[in-house]
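Worksheet: one structure, shown below.
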């Protein structure tokens with residue numbers, strides 16, 4: 001895009017303008033996607049509970065999210081008098097911003113990526129590890145019991161699952177031989193016979209299953225939504241929040257879920273590549289494949305939310321530390337050993 | 001142009017955040033400012049072309065170490081009067097520590113500027129490995145020349161981890177833990193009994 005703007009202006013200005021345009025091109029459709037995905041989530045959830053779901057605002061209730069957005073926008077922002085005001089207001093902004101900036105390295109098509117950096121996957125890990133701060137700061141700044149419990153739970157939960165996610169990603173990186181997300185997608189081209197995607201590899205398929213489950217824990221989605229377990233903690237860290245500050249959490253949470261779905265698609269299911277390496281399928285643009293995959297994984301997330309009961313906290317910790325961590329470590333050894341024998345010929 | 005601007009922005013924010021870390025009255029604010037300092041230091045690393053180190057700084061320090069810091073500090077019952085009471089008593093120790101750090105810094109810079117340490121070149125330009133990305137360059141050094149030191153560091157960390165667990169782990173009695181494999185292995189036959197009691201006799205379990 002820089003070269004397009006360079007027709008009219010010097011390189012620096014063109015670069016700056018291209019970057020801003022790229023950010024807007026990703027962030028604005030993402031916000032729209034988040035609004036629609038909240039609607040889709042409620043519809044899927046309702047269908048599985050044999051309800052109708054939102055069906056009043058707009059055709060088939062399509063405008064429900066926008067009506068909700070307008071509602072919270074018009075409400076009064078209440079800041080508790082005992083809270084730490086500056087941190088209380090910064091916390092939702094952190095959650096929301098962090099949920100958006102990780103999208104900078106997601107490739108939407110061959111080369112269509114805002115920041116094509118060679119440590120792309122590490123960047124995603126770094127940004128997703130920042131996400132917990134929004135929750136912790138909110139819990140502490142609210143100066144209230146239940147948000148504080150929720151913040152404690154969130155920090156322990158996210159650190160636990162980041163460990164196994166790290167090992168899972170190491171397996172992917174070893175197989176792809178790079179941290180660049182675009183190159184990781186390319187490495188999945190006809191990975192197994194004519195199938196595009198690491199997930200068809202028997203050594204990496206279990207890693208994908210673990211990544212999907214860890215992703216649910218990392219984004220604090222059901223069945224791991226202990227940070228906002230309404231039967232124990234009212235609404236968790238969001239208890240004291242109202243109006244737009246609450247909406248920012250809402251949007252940030254769903255943007256994070258979409259990011260996890262995009263990572264699932266990019267790292268294991270071939271990103272913008274069609275699932276089968278067959279020439280006519282390449283006529284469909286890559287971004288369509290990516291969006292289809294993202295929606296498929298979001299459907300899985302919704303499906304799980306609608307059907308699986310919430311984990312108890314000790315079960316969550318057990319799953320993270322006693323099941324996923326040893327298993328992912330074992331697979332790091334297996335994958336590196338297999339690559340040593342086959343690719344590097346020891 | 002934008003590099004210079006970014007450098008001064010990150011550098012100034014790092015210094016300010018570092019200063020506020022020790023000046024802030026509330027320990028939680030201190031930790032949060034420390035996180036800001038870490039983050040801006042990572043920005044400086046990116047500008048220096050060390051993006052791998054920058055990402056590791058954010059992942060390890062901001063994403064894990066500082067979260068645990070915050071975890072502990074948030075749970076402290078803070079008594080400000082008591083915090084300040086120890087200041088005079090600990091002042092000589094603090095001064096000594098500051099002097100030691102300053103001398104170390106001076107020695108380090110001195111040794112580097114005369115070429116004693118092979119980190120880049122004395123005129124300040126970093127030694128850029130030719131034809132290898134950041135990660136490859138570090139990997140090539142770490143797993144060949146410094147393999148023994150790297151493994152030794154790993155073993156040291158493992159020992160420290162095991163030691164910490166052994167020291168703090170205590171076996172509590174009377175805890176009703178969940179044994180998942182036992183629960184899963186349970187069959188209806190062993191969990192339920194079907195009895196037909198005589199009227200007025202009741203059932204003994």
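Can you sort A:8, A:13 from fewest to most other Cβ atoms within 10 Å of each residue's own Cβ? Show your work: numbers first, answer last.
Numbers: A:8 9, A:13 13.
Going from least to most buried by this count: A:8, A:13.
From helices alone, chain A scores -21500 deg cm²/dmol at 222 nm; the rule is -39500 (n - 2.57) for each run of n ≥ 4 DSSP H residues, then divide by the residue total.
Over what distance in Å are the Cα centres of the stretch B:136-196 and the stretch A:96-116 separated? With the stretch B:136-196 and the stretch A:96-116 each reduced to a Cα centre, they are spaced 35 Å.
Here the average projected area of the convex hull drawn through the C-alpha atoms of the stretch A:1-95 stands at 10.7 nm². The angle between the Cα long axis of helix B:27-47 and the main principal axis of chain B comes to about 60°, on a 0 to 90 degree scale. Size of the stretch A:125-217: Rg and Dmax of its alpha carbons, in Å, are 17.2, 57. A Cα-only calculation for the protein assembly as shown places Rg and Dmax at 26.6, 101 Å.
Determine the relative contact order of the stretch A:101-154: mean sequence separation of Cα pairs under 8 Å and six or more apart, normalised by residue count, in whole percent. Intermediate values should be presented prior to the final figure.
Numbers: 40 pairs, mean separation 13.1, N = 54.
Answer for the stretch A:101-154 is 24 percent.
Pick from B:134, B:90, B:179 the residue whose mean-square fluctuation is largest in a GNM of chain B, springs joining Cα atoms under 10 Å. Of the options given, B:179 has the highest mean-square fluctuation.
For the residues A:66, B:69, what sequence is obtained by ranking on other C-beta atoms within 10 Å, fewest first?
Numbers: A:66 15, B:69 18.
Least crowded to most crowded, the residues run A:66, B:69.
Between A:15, A:289, A:45, the residue with the greatest mean-square fluctuation in the GNM of chain A (Cα pairs under 10 Å linked by springs) is A:15.
Apply 1/(1 + (r/R0)^6) to the Cβ-Cβ distance of residue A:287 and residue A:193, taking R0 = 22 Å, and write down the FRET efficiency to the nearest 0.05. Can you show the working numbers first?
Values: r = 25 Å, r/R0 = 1.15.
Calculated value: 0.30.
Expressed as a fraction of 2.2 N^0.38 Å, the value expected for a compact globular protein of N residues, the C-alpha radius of gyration of chain B is 1.70. Counting every C-alpha pair in the stretch B:1-77, the share spaced more than 19 angstrom apart comes to 39%.
Inter-part distance, the stretch A:280-313 to the stretch A:181-254, computed on C-alpha centroids, equals 10 Å.
When the Kirkwood hydrodynamic radius is evaluated over all pairs of different C-alpha atoms of the stretch A:221-346, what value in angstrom, to one decimal, is obtained?
On the way: mean 1/r = 0.0556 Å⁻¹.
This gives a value of 18.0 Å.
Projected label points at residue B:187 and residue A:115, each 7 Å from Cα along the beta carbon direction, are separated by 5.8 nanometres.
Taken along its three principal axes, the alpha carbon spread of the stretch A:9-63 comes to 59, 20, 7 Å, from the longest extent down to the shortest.
Taking other Cβ within 10 Å of each residue's Cβ, how do B:198, A:253 sort, fewest first? Before the final figure, lay out the partial values.
Values: B:198 7, A:253 24.
So the residues, fewest neighbours to most, are B:198, A:253.
Taking the stretch A:103-129 and a reference point 7 angstrom along Cα→Cβ of residue B:137, the backbone N atoms nearer than 15 Å belong to A:118-119.
For chain A, the longest principal axis of the alpha carbon atoms and the long axis of helix A:325-342 meet at an angle near 20°.
Laboratory data are not the source of any read-out in this text; all were calculated from the coordinates shown. Everything quoted here is computed from the prediction, not taken from an experiment. FYI the Cβ positions are ideal-geometry reconstructions off the backbone, even for glycines, and counts take in every protein chain you see.
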